[in-house]
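Taken together, the values in this text are just the output of simple stated rules run on the coordinates, not laboratory data. Being a predicted model, the structure only gives us computed values, none of them experimental. Here the Cβ positions follow ideal geometry from the backbone for every residue, glycine too, while neighbour counts run over all protein chains shown.
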Amino acid sequence: MAELSEQQKQERAQQLAAEAKSLKAKLREAKRQVAMVFDLNKCLGCQTCVIACKTLWTREEGMEYMWWATVNTQPGKGTPRDWEKMGGGFREEEPQAGQLPTKRDFGEAWEFNYDEVFFGGKGNTVHLQPSGAPDWGPNWDEDQGGGQYPNSFYFYLPRICNHCTKPACLEACPRNAIYKRAEDGIVLISEERCKGYRFCLEACPYKKIYFNHARQLGQKCIFCYPRLEQGVAPACARQCPGRLRFVGFLDDEGGPIHKLVKQWKVALPLHPEAGTEPNVYYVPPLSPPRFDEQGNLDESKPRIPTEYLRYLFGPAVDQALATLTAEMAKTKAGGKSELLDTLIVYEWKNLFGPFTNDPAALDRPPV
Ligand code: SF4
Ligand code: SF4
């Protein structure tokens, strides 16, 4: 076969690059986008959502250390430890290098000495402890928070995969194993195509993909799509006693998700500067005023520094906080606020858009 000229090689390379780009664009396509909104003013940090997800999806071998849904205390190092410093995502449309989190960064699945404590006949001479010497876990720095007394503060940050509109994980996968579902924009990994290269873990700026060491492939939150298909809300949202996890389609103009995100603009993506266009949104936390040096309340400064909230949610957080504060003032003065009524959620079904069917009606896999 005749050798290709330099120009032919260049043209061929350009053609291949264009084909790869168009394939990635196809994998990103979705007719609709399902989304969640978390109201951080209502999260109790009870971890019910975390356990609901864990017991449903990540009980198999190789998944022991996986927590697709997590709730961490902010400010804090999070899960995996220091994930916010691990890079990934995009800057000005260009993919950014990211770090590969280790199993230890996530926190190992510890073994406990249950047999010895409960059945060993040693009474109070032994107590429950994990094996090894764990130094991190999914909720290790719970309630530590930040700031100095009397202005110390913390709040909880629930996280799942953001089912991004521009998923960095999808972009980074050389096997084209990651795709968005056309009908709802849920980001999934094809277990047939995945070869466990882990570029997705490096690329995701939220570090929300786990590597299954037993099966040698990537796994992540699937937004409970088998439940959605039967009109049932994701387990984390349905089980949440705080009634703070809204589920629905972004384009449903009558639904709370659309109103909170698009109309009132009080629900914002986490670290929007990472450029992946997340579809999980947060109503930022309000807080009481700070104390000044004389110990008097300074009404002009919230306990949670707005600067910190800007770091998490971008500059739009100022307007979101102003809107929430103004609506609260309105109701205190005896007025009505559709926005606050929506966030209060008087009727639980108002949380879940078209996904209000009873989970008891689902077929359950044998335990
Ligand atoms: Fe991918 Fe990470 Fe976005 Fe989830 S959060 S879709 S894993 S880039
Ligand atoms: Fe927060 Fe709800 Fe999860 Fe409890 S179940 S930690 S209230 S999001």
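Estimated from the Cβ-Cβ distance and a Förster radius of 41 angstrom, the FRET efficiency linking Ala214 and Lys265 is about 0.40.
Got the relative contact order for the chain handy, in percent, Cα pairs under 8 Å and 6 or more residues apart? Here the relative contact order equals 22 percent. Please find the FRET efficiency linking Asn124 to Arg104, where r is the Cβ-Cβ separation and R0 is fixed at 35 Å, and quote it to the nearest 0.05. Efficiency, rounded to the nearest 0.05: 0.65. Stretched out straight at 0.36 nm per residue, the stretch from Phe112 to Glu29 would grow longer than its current Cα-Cα span by 25.4 nm. Take each peptide in 129-140, 247-258, 82-93, 4-15, count the other Cβ atoms within 10 Å of every residue, and average; sorted highest first, the result is 247-258, 82-93, 129-140, 4-15. Each label was represented as a point 7 Å from its Cα along the Cα-to-Cβ direction; for Tyr149 and Asp251 these points are 5.4 nm apart. Over the residues of the chain, the helix contribution to mean residue ellipticity at 222 nm works out to -6500 deg cm²/dmol, using -39500 (n - 2.57) for each DSSP H run of at least 4. Extending 7 Å from the Cα toward the beta-carbon at both Phe291 and Glu19 defines two label points whose distance is 6.8 nm. With both labels modelled 7 Å from their Cα along Cα-to-Cβ, the Glu93 to Ala322 distance reads 3.1 nm. Rounded to the nearest whole Hz, the Karplus-based 3J(HN,Hα) values (6.51 cos²θ - 1.76 cosθ + 1.60, θ = phi - 60°) of the range 223-230 follow the sequence 6, 6, 4, x, 6, 3, 4, 10, with x at glycine and proline. Using a Gaussian network for the chain with springs between C-alpha atoms less than 10 Å apart, which of these wobbles most: Lys31, Lys122, Lys220? Comparing Lys31, Lys122, Lys220 in a Gaussian network model of the chain, the most mobile one is Lys122.
Mean-square fluctuations from a GNM of the chain, with a 10 angstrom spring cutoff on Cα atoms, peak among Gly76, Gly145, Gly295 at Gly295. Largest GNM mean-square fluctuation across Leu56, Leu16, Leu157, computed for the chain with C-alpha springs under 10 Å, falls on Leu16.
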